[in-house]
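Chemist: Handing you a structure now.
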Amino acid sequence: MTHATVFAGFGGQGLLFTAEVVAQAAMDAGRFVLWIPAYGPEMRGGTASCTVIDSDAAIGSPVVDRVDRAVLLSAPAAAKYLPRVEAGGIAILDARLVPEMPAPDGVRVIRVACSTLAQVGGDERMTSVVGLGALMAAAGDDGEPGIADADRKSTRLNSSHTDISRMPSSA
């Protein structure tokens, strides 16, 4: 089975970090993984996205036209990536930053106050981590082994980051 997950929003929301944690957990589970970041020159506030492809078989191409999972944390990200979520897929939208919009046919859209919960947790950079928690719960992956361990292994995690296991629950 192959999953393609996109995390998209603004720089400073922890998108690349969260995608790296997902990629690390998949690698630790022995899966094939591609981690594909895309961002502008801005340090914080510019557009950013990261796609993670994980599979139990070799991945033939890094080109991703459709995804089955998405965490979309800004209106521009939702406008760009929500139409790319395939039928049967799941999209988490930040309820505070993304206006109501029609869901593509067959896509389960869940609105979660990701940015608000991250602020309550004390670290707005963890907005995408809250979105990941909501995605895992919606996909039935809330017992996914390895996410907390991958959090600790991530090269982007240092003493200035918040431990993801201590963030507020999003589901």
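Chemist: What is the number of the single condition among (1) more than 22 Å from Gly12 (Cβ to Cβ); (2) in contact (Cβ under 8 Å) with a residue 12 or more places away in the chain that Pro76 does not meet?
Modeler: With (1) more than 22 Å from Gly12 (Cβ to Cβ); (2) in contact (Cβ under 8 Å) with a residue 12 or more places away in the chain applied to Pro76, the lone miss is (1).
Chemist: How many residues are out of contact with any Cys (no Cβ under 8 Å at 6 or more places or on another chain), open to solvent by less than 70 Å² (accessible area, probe 1.4 Å), over 20 Å from Gly89 (Cβ atoms) and assigned to a strand (DSSP E or B) if we restrict to segment 13-70?
Modeler: The total comes to 1.
Chemist: For segment 1-12, which residues satisfy the criterion of being without any contact (Cβ under 8 Å) to a residue 60 or more places away in the chain and either open to solvent by less than 10 Å² (accessible area, probe 1.4 Å) or not in a strand (DSSP E or B) (or both)?
Modeler: Pass one, segment 1-12, residues without any contact (Cβ under 8 Å) to a residue 60 or more places away in the chain: 1-2, 11.
Result: Met1, Gly11.
Chemist: In segment 92-171, which helices (runs of 4 or more DSSP H) lie fully inside it and hold 3 or more residues that are more than 23 Å from His3 (Cα to Cα) and either open to solvent by 30 Å² or more (accessible area, probe 1.4 Å) or modelled with pLDDT of 55 or more (or both)? Spell out the reasoning first.
Modeler: Numbers: elements: 114-120, 127-139, 147-153.
Of the helices (runs of 4 or more DSSP H) lying wholly inside segment 92-171, those with at least 3 residues that are more than 23 Å from His3 (Cα to Cα) and either open to solvent by 30 Å² or more (accessible area, probe 1.4 Å) or modelled with pLDDT of 55 or more (or both) span 114-120.
The values are calculated or read from the model by the stated rules, or taken from the named source; none is laboratory data. Owing to the predicted nature of the structure, the values given are computational and were not obtained by experimental measurement. Don't worry about glycine lacking a Cβ; one is built from the backbone with ideal geometry, like all the others, and counts go over all protein chains shown. When the accessible area is computed, the model is the full protein with side chains, heavy atoms only, and any ligands, DNA or RNA have been set aside. Shrake-Rupley method; radii C 1.70, N 1.55, O 1.52, S 1.80 Å.
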